[in-house]
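Taking it in order: structure first as structure tokens, then the write-up.
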Amino acid sequence: MTTLELLEKFAAGWNAHNVDALLECMTDDGIFYGSAGAEPNGATFTSTDELRSSYSALWATFPDAAWNDVQHFISGERAVTEWRFTGTKADGSKVNVRGCDVFLIRDGKIAIKDTFRKQAL
């Protein structure tokens, strides 16, 4: 699988709300740095169980979560995916923001997913 195919599969997994598809795209020691958290890197998730919980929690918060306008950029072992996230919380409030994921690719899988997103005020 090429890096582009990997990133397309990963993006499709998010829109399908399929945590198993996402985990298949990541290395066994994969790391996810969330866009928010107490540390400068955001919340850090470092095990398969933590990744599963973190990814699933997003869909619990935004049952209609979708990533649109997806574009991938690849340079060697580094890659970026830009996207527009939309979702609705249980209280009816809507989110519509732009963001990106910066990836480190190792052995054909995602070793690091570092998320950045705009903060709508």
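Please determine whether any residue of region 2-20 is modelled with pLDDT of 95 or more, hydrophobic (A, V, I, L, M, F, W, C), in a helix (DSSP H, G or I) and over 14 Å from the mean Cα position of the chain (by Cα). Looking through region 2-20, at least one residue is modelled with pLDDT of 95 or more, hydrophobic (A, V, I, L, M, F, W, C), in a helix (DSSP H, G or I) and over 14 Å from the mean Cα position of the chain (by Cα).
Loosely packed, with under 12 Cβ neighbours inside 10 Å, over 14 Å from the mean Cα position of the chain (by Cα) and in a helix (DSSP H, G or I), is that true of ASP49?
Details: loosely packed, with under 12 Cβ neighbours inside 10 Å: yes; over 14 Å from the mean Cα position of the chain (by Cα): yes; in a helix (DSSP H, G or I): yes.
So ASP49 fits the description; yes.
Among the residues of region 76-119, those that are outside any strand (DSSP E or B) and over 19 Å from PRO63 (Cβ atoms) comprise GLY76, GLU77, ASP107, GLY108, LYS118, GLN119. When ARG106 is tested against (1) within 21 Å of MET1 (Cα to Cα); (2) under 11 Å from the mean Cα position of the chain (by Cα), just one condition goes unmet, and that condition is (2). Checked against (1) at pLDDT 95 or above; (2) closer than 17 Å to LEU104 by Cα, GLY87 passes all but a single condition, namely (2). Which is farther than 16 Å from ALA12 by Cα, surrounded by 13 or more Cβ atoms within 10 Å (Cβ to Cβ), in contact with a Cys (Cβ under 7 Å, 6 or more places away or on another chain) and not aliphatic (A, V, I, L, M), of PHE116, PHE62? That would be PHE116, the only listed residue that is farther than 16 Å from ALA12 by Cα, surrounded by 13 or more Cβ atoms within 10 Å (Cβ to Cβ), in contact with a Cys (Cβ under 7 Å, 6 or more places away or on another chain) and not aliphatic (A, V, I, L, M). Residues of region 25-46 that are loosely packed, with under 13 Cβ neighbours inside 10 Å and closer than 20 Å to LYS109 by Cα: ASP28, ASP29, THR46.
The values are calculated or read from the model by the stated rules, or taken from the named source; none is laboratory data. Since the structure is predicted, the reported quantities are computational estimates derived from the model, not experimental observations. We place every Cβ from the backbone using ideal geometry, glycine too, and count neighbours over all the protein chains shown.
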